[in-house]
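Colleague: Below is one structure. I have some questions about it.
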Amino acid sequence: MKKPKRLFSIFFIILLIFITGCSSNSEDKSAKMSESNDVSKDTAESDSGEQADFYSGETEKAEKSSVTENIKIQNQMVIYQADLQLRVKKFDQTVRILEEKVLKYGGYIAESNVSKEGNEQVSGSIKIRIPQKHFQTFLHDAESQAAEVLQRSITGQDVTEEYVDLESRLKSKKVVEERLLTFMKSAVKTEDLLKISADLASVQEEIELIEGKMKFLENQTSLSTVNITLYEKSVVVPTINKDKLNTWEKTKKQFMNSINMLLVGLSGLVVFIVGNLPVLAILFIIVFLLLYYLKKRKSRQRQE
């Protein structure tokens, strides 16, 4: 009897220890699960607060990484401009030849002005855009049409570094634009979308400005500018002026002017007499009586 009771008490103690261990394990697991839930909540809140600023850091990294890229350009980009002052024998003929040369080399006339000072001095200026590869050839052709080259000035501005800088900035802005478009697709909150769209609009505006400057530099380097001032001085031989030798017409004109003067004078006299007839009549009577009185007085003095 004592042996089964002892076995039963040992079994009961082992079962009690097992139940106690299981309950402690369950408490540890529940504590760990609660801690993990708290951590997930904190991370979710921090992610929602930092989501709007995450793309800006990424775009800055993208911009910096793209700026460090080495961009190489094969040819130098130089803006050439020439100023010529030429004295020519025949102004119109020289202008016509220059226009033909411009069309031949694939250029165009941007501006043209002609002025005359009397009959002896004719001058004009022409602004021409000519392809850079024909720049020197056109200058030689233009100078060959002159009787005398008064002034010749050629300038060149190297814009290679400026163009490379613009191209580098354009690439970096393109990368930023792509990143912003990606973030816009993945954004959920309205405030995030508004901020990304505002930054995207600013980046796209900068891209348009850079592209405009690059196109301007490309146009200026592909076409050179030539400013030509032409002078023509000719001796004018005076001719007989028939207008000044028209004697008969001038005589008739003077005769008619004299008749008109007489008619105007007579008309004025008639107007004066008829218009002032009452006054003249009174004055005539007064003068007549005065003369009559003086005559009688003289006659009396003689009789005495």
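Colleague: Filtering the stretch 128-152 down to residues that are among the acidic types (D, E) and in contact with a strand residue (DSSP E or B) (Cβ under 8 Å, 6 or more places away or on another chain), which residue is nearest to I228 (Cα to Cα)?
Modeller: Once the filter is applied, the top-ranked residue is E143.
Colleague: Now for a separate question. Can you report the number of residues in the stretch 188-233 which are more than 30 Å from G124 (Cβ to Cβ) and either within 33 Å of the chain's Cα centre (by Cα) or in contact (Cβ under 8 Å) with a residue 24 or more places away in the chain (or both)?
Modeller: 26
Colleague: Being modelled with pLDDT under 85 and buried (at least 18 other Cβ atoms within 10 Å of the Cβ) is the filter here; which residues of the stretch 173-195 pass it?
Modeller: A187, D192
The values are calculated or read from the model by the stated rules, or taken from the named source; none is laboratory data. Please read all numbers here as calculations on a predicted model, not as lab measurements. Heads up, the Cβs are rebuilt from the backbone with ideal geometry, glycines too, and the neighbour counts pull from every protein chain shown.
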